[in-house]
1. Apply 1/(1 + (r/R0)^6) to the Cβ-Cβ distance of TYR29 and GLN68, taking R0 = 30 Å, and write down the FRET efficiency to the nearest 0.05.
2. How much FRET efficiency would the formula 1/(1 + (r/R0)^6) give for TRP55 and VAL19, where r is the Cβ-Cβ distance and R0 is 25 Å, rounded to 0.05?
3. Per residue of the stretch 14-31, what does 6.51 cos²θ - 1.76 cosθ + 1.60 with θ = phi - 60° give for ³J(HN,Hα)? Whole Hz please, x for Gly and Pro, Karplus curve as stated.
4. When the chain is fully extended, how far beyond the present Cα-Cα distance does VAL7 get from ILE39, taking 0.36 nm per residue of separation?
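Values in this text are rule-based calculations from the coordinates and carry no lab data. Being a predicted model, the structure only gives us computed values, none of them experimental. Glycine gets a Cβ as well: all are built from the backbone with ideal geometry, and neighbour counts include every protein chain shown.
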Amino acid sequence: MIRILRVNELGELSVPAEVLGSVPPGTSYRLEIQGSSLILSPETTSECAQKAKRWREWAASHSPQPSQISTEALRREAIYE
């Protein structure tokens with residue numbers, strides 16, 4: 001099946017629901033750009049889980065830093081000084 005999609009005034013493409021079939025809301029898709037071709041494929045659960053794991057590892061590798069701003073500087077009155 002070939003469908004013609006048009007770019008809207010914001011430069012976006014919308015894929016009609018009947019083209020996607022019964023896809024639940026929030027489903028993630030991978031967009032590959034190969035020259036002038038766009039390849040859209042659903043992301044698998046394992047890919048999403050791998051991304052989530054990498055993100056958690058990245059977040060855990062950063063220790064929270066104490067604020068460098070003094071409590072005095074955070075007061076509302078200090079904004080107007």
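1. 0.15
2. Approximately 0.25, to the nearest 0.05.
3. 10, 9, x, 4, 5, 6, 6, x, 8, 9, x, x, x, 5, 8, 10, 9, 10
4. Full extension of this stretch gives 9.9 nm more.
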